[in-house]
Protein chains: 4
Amino acid sequence: MAIIKNNSPVLFFYNNSKKWLTKISKKESFHTHIGVLKHADAIGKEYGSRLMTNKDKYVYLLEPTMYDYVMKIQHGTQIVYPKDIGYIIARAGIGDGQKILEIGTGSGSLTSFVASVVKPRGHVYTFDVDENFMKIAEKNIKKAGVSKYVTQHNLDLKIAKKMPLENMDVAFIDLGDPWTVIPQVRQMLKGSGCVFAICPTMNQLEKLTIALVENEFTDIESTEHIIRTIEAREGKTRHSFQGIGHTTYLCFARKAFFGRKSRKAAEKLKLSEIPSETPSKTAKKTSAKKITKKASSKTTKKTTKKSA
Amino acid sequence: MAIIKNNSPVLFFYNNSKKWLTKISKKESFHTHIGVLKHADAIGKEYGSRLMTNKDKYVYLLEPTMYDYVMKIQHGTQIVYPKDIGYIIARAGIGDGQKILEIGTGSGSLTSFVASVVKPRGHVYTFDVDENFMKIAEKNIKKAGVSKYVTQHNLDLKIAKKMPLENMDVAFIDLGDPWTVIPQVRQMLKGSGCVFAICPTMNQLEKLTIALVENEFTDIESTEHIIRTIEAREGKTRHSFQGIGHTTYLCFARKAFFGRKSRKAAEKLKLSEIPSETPSKTAKKTSAKKITKKASSKTTKKTTKKSA
Amino acid sequence: MAIIKNNSPVLFFYNNSKKWLTKISKKESFHTHIGVLKHADAIGKEYGSRLMTNKDKYVYLLEPTMYDYVMKIQHGTQIVYPKDIGYIIARAGIGDGQKILEIGTGSGSLTSFVASVVKPRGHVYTFDVDENFMKIAEKNIKKAGVSKYVTQHNLDLKIAKKMPLENMDVAFIDLGDPWTVIPQVRQMLKGSGCVFAICPTMNQLEKLTIALVENEFTDIESTEHIIRTIEAREGKTRHSFQGIGHTTYLCFARKAFFGRKSRKAAEKLKLSEIPSETPSKTAKKTSAKKITKKASSKTTKKTTKKSA
Amino acid sequence: MAIIKNNSPVLFFYNNSKKWLTKISKKESFHTHIGVLKHADAIGKEYGSRLMTNKDKYVYLLEPTMYDYVMKIQHGTQIVYPKDIGYIIARAGIGDGQKILEIGTGSGSLTSFVASVVKPRGHVYTFDVDENFMKIAEKNIKKAGVSKYVTQHNLDLKIAKKMPLENMDVAFIDLGDPWTVIPQVRQMLKGSGCVFAICPTMNQLEKLTIALVENEFTDIESTEHIIRTIEAREGKTRHSFQGIGHTTYLCFARKAFFGRKSRKAAEKLKLSEIPSETPSKTAKKTSAKKITKKASSKTTKKTTKKSA
């Protein structure tokens, strides 16, 4: 039986749009428009208990889950939503013990959730280049209790001479121009390893797919995930009037070897030097180059801003 | 670098609708309409490599992930699909070390996936009453490599006198009449613990929601999850013409304490003896009783058939 | 070339969420947070022209379409949205010359749109029992310019002794308890005629479907219609972040004759007296009765409130 | 009461996926896997009646609606589906008396449906350049009974020197490269007139939107329309397991005047000579040119193939 103590994390839950993640501090009070509660009153209660505010509203004292941390994360950038995190975990088959590469830490929402799944024997290696965001992410990862299973790197992999990791099980890319780092991701992934990119626009999916084919990935799949809420009530069951809009598209693939002799050597080279593997060599090569060029001009600053 | 050996599991991948999960056996051949391959040719290759069949088709030798096991599971009943499994993991915040209760093992798809997430320190306790299904599930769980983290029980919790577990972090219910086991689930869950029910029909959501309120759960949420595939191709990007239909609805909730004195004592009693907690006592009570009665008549046989 | 004159209807269009339907009145001004315009400045301009407010914002002077009337209708009740109206017209094959029955006029949005399609040789006969709503609807229908093709009746068809119409091509039902008027609708429809009911809840679909089978309808189909907005912009195309939620479900069917001798005679009788045509007589009959009883108790007041 | 005669059109309806549109011919029989019927048995029956085949299956004799004609149209190309036709009618506010321009007749499904709505005082002028398709469309339009309200033109508007129509209320474009005919459509539309393009890909939406802005259209909106079928059955209501995939996206806009002096003169010129109206002149102009050039090279052959 888990009892709330001083310093315990608690989700004050009124309803799904009114909930607050906090740490119990015996001298503090909790003030909102639904009334006031003393933190001290929560101490000694079992998680799941409820308190009444001075405005006669019940507030539940829930034990925060990783979902609550992700939804309440402090974010300077877009977060990855649970519906999308869930599919990433399910499609890439993420579980205990895996080594994960993440390019674009963002607010650390995906980082934290995945760390909680791969721990204690797995690890998340996450890269970003913006120090401000990295500090926010560090705080969020700590709050979620998974710092031990995450290593944050301040390194721009696009210009790095040597890749710092190898044999990764899964890679995530959350950049505005994900196609620019596919050769680097390839080098660090194990054979048959999975990659997932967070792509808010259709154009990103398109460019990324071209780059994935060029770089010998297979099982390429782009999806979007829609969650609809149902109000189940006796005799009046219907979908929620409130709609949920677009968050992001997801692009998945697995590293393959197309078996060309040149391939493995090429992995050490830059994208523009890699020989094209597709039938219509010239056409594809041109488009890949165009992407690379376009991308490189915008890249430096954008690296750490999450797309859209 | 993971090299394929004799006895290694391999996913022969041609495309997303033509793929085969197998174990390499050096004397066997693989025969399909896209041609023939000798297993022996895969031995010594790195995962991700490809072979050409005698009909000039490339088949990729992928390292199976938990996703592949779930999608290729042998099932006498409905499986829980990855899109739904993903949301269950994300919404309930499932991670390493958790203790999971599952009522209705079915084919073992959810069982296996969740075991791979909570291992090595967590465990899945799964209950069913149909011996045939239990054997299928046992085989599937073994194939997925997580037997060590799963305990299968042949026990009908609806009529069990004493609940065999307590303090579970999360519970899953995959029965045709999930509302009938809410009191039992409540007893076995920790305070603030999460429950998820797999409900193929709207009517199940409705009855279940009533039972969850009666039994002092909060943060009740019913959802459905739609995955749409996008065909991202240069200059021709669009959604897939092929539609994906309904699989199931999901109902989530967390165990709370409404603070009535009678509550904790009541947990030892049967549903019909539990005092109603809702404002309009009579109305709700009647409906709950009706549910219980209706349900109990059909229950015995249906326990192990997954709904829908 | 259509020129705007004094008294011409105009849609002042700033963007899709800021637009105003008005009639030009040469001495008036139009005041909003995006600035001020003089109506007089619109006079003499061609539809489609734009004016600049004193805050330097462009406002387009569009010629209102039936869509604009429906979206800007004054409503005391729910309106039927264009996405749903569109499917109703397409599925029932509504066109010039048809005679339409509508039970539940509501705000007159569906009434007006359908009148504009069936005119000049068709007609809409619409029934309601709430005088306040009928006045609102009358105003809306007039504003939409189709009064000549609509007849409003203040009559409760549920208790009417004689049906006032026959041989209707299509019938609409927009009541909270649509199943209660299926026998009446049947009497007024031609053979093979179409019925459409506006059903905000799943439970209504369920009860209505039972009543439609009982009353010898075929081609029964329940649907929901989702519209997603795409923000198409160069290099950044994606779905809109803003979601659109549930409006209503739709239930369609066509009047058939199951060929029982009793059938045509029965059409003169009340629902409860109609012999059941379904295989499991008792079961269905009971449920139909239950519906009828339940319904009748709530019916009188609810008739004119649109459901949900 | 409509009685079936020799030569009457009838929809033999078994269920939603097994239905046949035919004309009664007293000496013929109807043969399918569900059995045999004599046409003669239908004569004298009221529409909505049913017959039993020699395999004891009921077949309903429904009076075909425009929906049935559209769904059963003979098509060498893609048809426009009712869910999309419905939204087109609703969003553009199509009703009696309107003059409609259609570029890309295709199979004539949209043509026929819209003709049935605008008749008797409106008319559809439809253009195509492929004689084979035009013949198929002619047959379909005749079968739907609206030939009187449709004029088919064999003319390539992309290269026509003079536009053959003016003051159209609404225009439809169903070409692979809809952006190439926007200047022509603009010339033929009335001020504030609506245009709808059928665009199976996201890339078409993107290019078209650029062209619409360049050519002074407003209220630009891209949407997609999803229809979900619900199986409403007592106690077992849920969405259909069968999914419905992508058909097309739709792009809507209304003709405006941005008020530049050059505008009206420019309408007589080609697209590439039109001065750009957008703030970032050079950028947009370039992209418009690129589109025009790219497009023109592929255009000649593609004109009559429906996209995707």
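Quantify, in whole percent, the carbon and sulfur part of the accessible surface of the range B:14-158 (1.4 Å probe; protein heavy atoms only). Let's see the in-between values first.
Working: 2670 of 5780 Å².
C and S fraction of accessible area: 46 percent.
Restricting the count to DSSP beta bridges whose residues both fall in the range D:1-128, what percent are antiparallel, rounded to a multiple of 5? Walk me through the numbers on the way to the answer.
Details: 17 of 22 bridges.
Rounded to the nearest five, the antiparallel share is 75 percent.
State, to one decimal in nm and shortest first, how far the label point of A:Lys148 sits from each corresponding label point in the other identical copies (label point: 7 angstrom along Cα-to-Cβ).
So the label point of A:Lys148 gives 2.0, 8.2, 8.4 nm to the other copies.
Using the Cα centre of the range D:4-115 as the reference point, and only Cβ charges (+1 on K/R, -1 on D/E), how large is the resulting charge dipole? Debye, rounded to the nearest 20. All intermediate terms of the calculation are to be shown ahead of the outcome.
On the way: 15 positive and 9 negative charges, 73 e Å.
The dipole of the range D:4-115 has a size of about 360 debye.
What residue of chain D has the nearest C-beta to the axis that moves D onto A, and what is that distance in Å, given as a whole number?
Axis-proximal residue of D, distance in whole Å: D:Met202, 2.
Can you list, shortest first and in nm, the gaps between the label point of B:His33 and those of its counterparts in the other copies, using a point 7 Å from Cα in the C-beta direction?
Copy-to-copy label distances at B:His33, shortest first: 1.7, 6.0, 6.0 nm.
If R₀ is 41 angstrom, what is the calculated FRET efficiency for the pair C:Gln74 and D:Lys55, using the beta carbon separation as r and rounding to 0.05? Mind showing how you got there, number by number?
On the way: r = 56 Å, r/R0 = 1.36.
Step by step, r from the Cβ atoms, then E = 0.15.
Rg to Rh for the range C:139-234: what is it, with Cα atoms only and Rh by Kirkwood?
On the way: Rg = 16.9 Å, Rh = 15.8 Å.
Here the Rg-to-Rh quotient is 1.07.
Kindly identify residues of the range B:111-134 having a loss of at least 10 Å² in accessible area between the isolated chain and the assembly of all protein chains, probe radius 1.4 Å.
SASA drop of 10 Å² or more in the range B:111-134: B:Phe113, B:Ser116, B:Val117, B:Lys119, B:Pro120, B:Arg121.
What's the lysine pair count for the range A:12-55 at a Cα cut-off below 19 Å, pairs eight or more apart or interchain?
The result is 12.
How many angstrom separate the Cα center of the range D:202-250 from the Cα center of the range D:155-177?
With the range D:202-250 and the range D:155-177 each reduced to a Cα centre, they are spaced 25 Å.
So what's the gap between the Cα centers of the range B:78-99 and the range D:33-105, to the nearest angstrom?
45
Under unit Cβ charges (Lys, Arg +1; Asp, Glu -1), what dipole magnitude, rounded to 20 debye, does the range B:174-232 have relative to its Cα centre? Intermediate results must be reported in sequence, preceding the final value.
Values: 4 positive and 9 negative charges, 32 e Å.
That gives a dipole near 160 debye.
Are there any residues in the range B:40-61 with a reduction of at least 50 Å² in accessible surface when going from the isolated chain to the assembly of protein chains? Probe 1.4 Å, please list them by number.
Residues losing area: B:Glu46, B:Arg50, B:Tyr60.
What residue among C:Ser147, C:Asn132, C:Tyr87 has its Cα farthest toward the positive end of the dipole of the range C:86-184, where the charges are +1 on Lys, Arg and -1 on Asp, Glu, each on the Cβ?
So the residue furthest toward the plus end is C:Ser147.
Probe radius 1.4 Å, ligands and nucleic acids left out: can you give me the accessible area buried at the A-B interface, summed over both chains, in Å² to the nearest hundred?
5900
Provide an ascending nm list, one decimal, of label-point separations from A:Arg121 to the equivalent residue in each further copy; define each label point as 7 Å from Cα along Cα→Cβ.
Inter-copy label distances (nm, one decimal, shortest first): 1.4, 7.9, 7.9.
Could you give the nm distance between label points at D:Thr151 and C:Lys148, where each point is 7 Å from its Cα heading toward the beta carbon?
2.5
Where the only charges are on Cβ atoms (+1 Lys, Arg; -1 Asp, Glu), what is the dipole of the range D:89-239 about its Cα centre, to the nearest 20 debye?
Numbers: 19 positive and 19 negative charges, 125 e Å.
Dipole about the Cα centre, nearest 20: 600 debye.
Where only protein heavy atoms count, and the probe is 1.4 Å, what is the accessible area per residue for the range C:16-138 in Å²? Kindly include the intermediate steps, with their values, before the conclusion.
Numbers: 4560 Å² over 123 residues.
Spelled out: the 1.4 Å probe surface of the range C:16-138, per residue, equals 37 Å².
Under the definition of partner shielding as Cβ atoms of other protein chains within 10 Å of a residue Cβ, what is the mean value for peptide B:145-157? Write down the numbers at each step before the final one.
Numbers: counts 1, 2, 0, 0, 1, 0, 0, 0, 0, 0, 0, 0, 0.
Other-chain Cβ atoms within 10 Å of each residue's Cβ, averaged: 0.
Please state the relative contact order of the range D:42-173 as a whole percent: Cα pairs under 8 Å, 6+ residues apart?
Details: 215 pairs, mean separation 30.9, N = 132.
Value for the range D:42-173: 23 percent.
Obtain the nm distance between the two label points defined at D:Ile43 and C:Ser17 by a simple spin-label model: each point lies 7 Å from its Cα along the Cα-to-C-beta direction.
Roughly 6.3 nm, to one decimal.
The values are calculated or read from the model by the stated rules, or taken from the named source; none is laboratory data. None of the values given here were measured: they were computed from a predicted structure. We place every Cβ from the backbone using ideal geometry, glycine too, and count neighbours over all the protein chains shown. Heavy atoms of the whole protein, side chains included, go into the accessibility calculation; ligands, DNA and RNA do not. Shrake-Rupley method; radii C 1.70, N 1.55, O 1.52, S 1.80 Å.
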